[in-house]
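Structure first, then comments.
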Amino acid sequence: MSFRIFRDFPFGRFGVEEKEGAVTHLYLNPAGAVLPAEERETPLLAEAMRQLAEYFAGERREFELPLALEGTPFMRRVWAELVKVPYGATATYGEIAERIGNPGGSRAVGLANNRNPIAIIIPCHRIIGSSGKLVGYAGGVELKERLLALESGSPLLF
């Protein structure tokens with residue numbers, strides 16, 4: 001059985017879902033989303049929300065939560081590489097493609113990035129276009145910009 005909770009943060013409303021003791025989804029500003037899980041706080045969901053609050057306060061750089069990711073082997077390789085992009089840094093889709101041994105696969109990396117079910121915790125917001133532009137983000141480019149500003153210590157948070 002899956003459980004989820006939602007909380008409001010200065011960056012918007014976020015939801016976290018768990019199944020069988022692992023985080024499976026992080027919902028970015030879920031307005032009116034119909035989700036199959038039961039809304040109930042569990043110790044893991046409370047801990048996930050605590051860590052998110054610390055992240056948004058600039059007090060946490062990495063998350064320490066059990067994760068359960070569903071995706072193709074390629075998607076999992078991309079997601080594993082995203083976690084290696086340091087707090088406050090960025091990488092391009094092409095760089096990630098090269099790192100996983102798929103040079104020229106930047107579009108495929110973009111698709112896998114788009115399907116990341118645990119954004120922020122798996123920091124897909126740190127991936128940018130080859131021109132340096134902030135392209136695409138499930139929570140919107142404005143949220144991506146704000147998350148990168150938070151991590152860089154920029155005053156552009158709000």
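The values are calculated or read from the model by the stated rules, or taken from the named source; none is laboratory data. Quick caveat: nothing in here was measured; it's all calculated off a predicted structure. So basically every Cβ, Gly included, is an ideal-geometry build from the backbone, and we count neighbours across all protein chains shown. Heads up: the accessible areas ignore ligands, DNA and RNA and are worked out on the full protein's heavy atoms, side chains in. Shrake-Rupley method; radii C 1.70, N 1.55, O 1.52, S 1.80 Å.
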Task: Distant-in-sequence amide H partners of Ile128 (H built 1.01 Å from N, under 5 Å) - done: Ala91, Thr92, Tyr93
- [ ] Assuming a ≥ b ≥ c are the square roots of the Cα gyration tensor eigenvalues, decide whether the chain counts as rounded (a/c under 1.5), prolate (otherwise, with a/b larger than b/c) or oblate.
- [x] oblate
TODO: Can you tell me how much longer the chain between Glu41 and Glu64 gets when fully stretched, taken as 0.36 nm per residue apart minus their C-alpha distance, in nm with one decimal?
DONE: 6.5 nm
TODO: Please report, in debye to the nearest 20, how large the charge dipole of the stretch 72-129 is about its Cα centre when each Lys and Arg carries +1 at its beta carbon and each Asp and Glu carries -1 there.
DONE: 140
Open item on the list: Let's test the formula: R0 of 35 Å, r as the Cβ-Cβ distance of Ser154 and Thr72. What FRET efficiency results, to the nearest 0.05?
Closed with: 0.50
TODO: Compute the long axis of helix 43-56 from its Cα atoms, compare it with the longest principal axis of the Cα atoms of the chain, and write down the angle in degrees, 0 to 90, nearest 10.
DONE: 50
Task: Relative contact order for the chain, counting Cα pairs under 8 Å that sit 6 or more residues apart, in percent - done: 20
TODO: Roll a 1.4 Å probe over the protein chains and send me the accessible area per residue for the stretch 59-154 in Å².
DONE: 51
Task: With all protein chains modelled, accessible area of Arg99 [1.4 Å, Å²] - done: 120
Open item on the list: Give me the percent of accessible area attributable to carbon and sulfur for the stretch 61-158, probe 1.4 angstrom.
Closed with: 52
Task: Rounded to 5, percent antiparallel among DSSP beta bridges of the chain - done: 65
Task: Asn114-Ala57 pseudo-label distance in nm [points 7 Å out on the Cα-to-Cβ vector] - done: 3.7
